[in-house]
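The values are calculated or read from the model by the stated rules, or taken from the named source; none is laboratory data. None of the values given here were measured: they were computed from a predicted structure. Don't worry about glycine lacking a Cβ; one is built from the backbone with ideal geometry, like all the others, and counts go over all protein chains shown. Calculation scope for accessible area: heavy atoms of the full protein, side chains included, ligands and nucleic acids excluded. Shrake-Rupley method; radii C 1.70, N 1.55, O 1.52, S 1.80 Å.
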Amino acid sequence: MSDSQPAPDGVDLDKPNAARIYDWLLGGTANWAIDREFGAKAVETFPLAPILARTNREFLGRGVHHLASLGVEQFLDLGSGVPTVGNVHEVADRVNPRSRCVYVDVEPVAVAHAKVLLERHGDPERHAVVQGDLRDVEKIWERALDTGVLDPAKPIALILVAVLHFIATEDRPHDVVGRYRDLLPAGSYLLSSHGTEDGTPRDEAAKRAELREQYNQSGNIVHLRSRTEFGRFFTGFELVEPGLVWLPEWHLDELPSPASEALTSNPAESCGLGALGRKP
Ligand SMILES: C[S@@+](CC[C@H](N)C(=O)[O-])C[C@H]1O[C@@H](n2cnc3c(N)ncnc32)[C@H](O)[C@@H]1O
């Protein structure tokens with residue numbers, strides 16, 4: 001994004017932002033100087049940061065591909081981010097051109113970019129984007145259904161990838177996910193990934209703590225959780241093989257995943273756990 005161009009309405013350029021930093025780490029262009037400066041500092045502190053962003057994005061792609069291959073046609077992607085390589089509706093459409101997807105993000109720049117992308121390349125009957133805070137469960141659910149894209153009588157894949165670690169414990173993230181679970185029809189799925197410090201080698205702990213502190217100072221507070229805490233998000237879901245694993249361990253053969261393949265000998269280096277669960 002050229003810094004001489006005006007930012008979309010509601011975009012705060014005084015602070016770096018998680019959606020735009022992630023976009024920069026993935027090699028995207030929906031970011032501003034303030035985000036790139038933050039990103040460059042993060043990479044200096046923790047050179048693996050771009051690999052971790054790609055590892056997560058690859059997990060998302062494999063998860064959606066897997067779900068579409070299982071016959072799931074509807075996707076509700078919460079905390080969808082700035083559209084970049086491997087968007088959910090594109091991955092799903094390649095498997096099933098009838099697939100449907102609603103994107104939700106709280107960040108105006110993510111929503112503005114998603115709107116432009118969908119206006120140019122989407123199908124208004126099958127794709128939509130909503131700006132909102134996923135913590136407002138019933139309101140988000142209602143607005144997602146109001147788009148007319150999703151049929152609440154048929155299974156929906158709820159995607160919460162790399163977003164739950166931005167929800168503070170005092171905002172009761174497990175409760176939030178449980179309320180979505182109760183709204184989803186039987187046969188629906190939850191696909192999620194989450195940052196963790198489990199398995200951090202001792203000599204890296206200081207660097208990771210520094211990176212987290214940098215994020216916290218930018219206003220994007222990161223709440224890393226343990227394997228057990230992440231697993232609790234899947235209460236009421238049946239885990240699909242291979243269960244709850246490090247991101248590079250999840251169905252690596254599903255789609256080409258170069259960043260994840262580079263971490264197979266030490267998957268804990270991905271700092272991320274992922275899983276897919278099915279609501280019986
Ligand atoms: C790291 S990005 C992940 C993007 C995408 N899910 C992926 O994994 O490639 C996290 C996204 O979550 C969004 N986000 C953070 N808190 C949110 C909230 N309370 N409600 C909705 N979106 C949120 C951020 O704006 C950002 O776009």
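Here is the figure for region 184-228: residues that are open to solvent by 50 Å² or more (accessible area, probe 1.4 Å), assigned to a helix (DSSP H, G or I), over 25 Å from GLY61 (Cβ atoms) and away from the ligand (no atom under 16 Å from the Cβ) total 8. Please tell me if ASP175 is within 11 Å of the ligand (Cβ to nearest atom), modelled with pLDDT of 95 or more and of a type in the set (Asp, Glu). Considered against the rule, which asks whether it is within 11 Å of the ligand (Cβ to nearest atom), modelled with pLDDT of 95 or more and of a type in the set (Asp, Glu), ASP175 comes out as no.
Counting only residues that are part of a strand (DSSP E or B) and in contact with a helix residue (DSSP H, G or I) (Cβ under 6 Å, 6 or more places away or on another chain), which one in region 105-147 is most open to solvent (accessible area, probe 1.4 Å)? Once the filter is applied, the top-ranked residue is GLN131.
Residue by residue, here is whether (1) open to solvent by 10 Å² or more (accessible area, probe 1.4 Å); (2) near the ligand (Cβ under 8 Å from one of its atoms) holds:
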| residue | (1), (2) |
| --- | --- |
| LEU48 | yes, no |
| ILE51 | yes, no |
| ASN56 | yes, yes |
| LEU67 | no, no |
| LEU70 | yes, no |
| PHE75 | no, no |
| VAL88 | no, no |
| ARG94 | yes, no |
| TYR103 | yes, no |
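Tell me yes or no: at least one residue of region 205-227 is within 15 Å of LEU160 (Cα to Cα), over 15 Å from the mean Cα position of the chain (by Cα) and in contact (Cβ under 8 Å) with a residue 24 or more places away in the chain. Scanning region 205-227, I find at least one residue that is within 15 Å of LEU160 (Cα to Cα), over 15 Å from the mean Cα position of the chain (by Cα) and in contact (Cβ under 8 Å) with a residue 24 or more places away in the chain, so the answer is yes.
Contact map, region 143-170: residues that are without any contact (Cβ under 8 Å) to a residue 60 or more places away in the chain paired with residues that are aliphatic (A, V, I, L, M) and in a helix (DSSP H, G or I), Cβ distance under 7 Å, separation 6+ or inter-chain. Pairs shown: PRO152/LEU145; ILE167/VAL176. When PRO83 is tested against (1) within 13 Å of the ligand (Cβ to nearest atom); (2) open to solvent by less than 10 Å² (accessible area, probe 1.4 Å); (3) out of contact with any strand residue (DSSP E or B) (no Cβ under 7 Å at 6 or more places or on another chain), only condition (2) is not met. Within region 235-259, the residues that satisfy the criterion of being more than 13 Å from HIS66 (Cα to Cα) and either among the hydrophobic types (A, V, I, L, M, F, W, C) or crowded, with 17+ Cβ neighbours inside 10 Å (or both) are PHE237, LEU239, LEU244, VAL245, TRP246, LEU247, PRO248, GLU249, SER257, ALA259.
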